[in-house]
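Please read the structure below before turning to the comments.
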């Protein structure tokens with residue numbers, strides 16, 4: 001009779017095991033999946049009405065959209081399945097040790113993301129004040145009702161994190177570490193800085209772009225850097241939910257305050 005596989009990591013259900021598992025690609029993929037599905041449903045409604053929602057979504061899937069809405073949906077489904085298989089296979093070590101899915105971890109990931117989202121704006125503004133003094137932050141939330149703003153928030157959470165953190169930072173790390181043979185600390189620093197500036201500049205291009213202002217540009221640079229740190233330390237799923245929830249808080253609470 002074969003012996004059960006030995007568990008070399010922390011015991012399941014412990015805080016250390018939660019930190020390791022929740023940062024991994026499989027838990028991150030499953031955790032981010034509801035944000036993607038909710039956005040795609042809402043975006044489909046706006047697409048049929050002739051509207052567009054998220055520029056990062058457009059940049060990443062424009063070649064699919066040109067083939068027709070049905071082809072786009074089918075291609076996204078294939079990409080989603082392939083990505084899911086890749087993330088599942090990346091979890092092979094945990095499965096090889098006989099570890100079962102800890103579904104309670106997703107509740108912890110949601111609470112963790114919510115905490116980051118609530119503190120996010122406070123931390124960014126505090127960093128701005130420390131570095132640049134008191135700058136007057138101009139907020140441009142755009143037009144549209146609550147449902148439209150919810151769609152924008154979900155799209156920013158999933159597609160902007162996919163574009164700037166997964167793809168851009170991943171490419172930079174590949175070039176710096178894999179090709180350039182640079183150290184990981186140096187490479188991470190360059191990847192964080194470059195992706196953060198690109199993330200901020202991204203909000204000032206395209207139709208419906210925000211008018212450029214130095215205070216909002218710096219704010220988004222710092223926000224991009226914090227998102228990059230969360231991605232590096234806590235993984236894709238948590239940074240997606242943090243970004244989406246933060247945008248929801250800003251979109252709804254600030255817009256409410258402006259209308260009073």
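A few comments on the model shown:
- Per-selection Rg to Rh, the stretch 143-191 - Cα, Kirkwood hydrodynamic radius: 1.28
- Placing a pseudo-label 7 Å from each Cα along the Cα-to-Cβ vector at residue 132 and residue 62 gives an inter-label distance of 2.8 nm.
- Orientation-averaged projection of the stretch 147-260 equals 7.8 nm² [convex hull of Cα atoms, one quarter of hull surface area].
- Put in line by how crowded their Cβ is, counting other Cβ atoms within 10 Å and starting with the fewest, 116, 204 read 204, 116.
Computed from the coordinates by the stated procedures, all read-outs in this text should not be read as laboratory data. Given the structure is predicted, the values throughout are model-derived calculations rather than measurements. Here the Cβ is made from the backbone with ideal geometry for all residues, glycine too, and neighbour counts use every protein chain on show.
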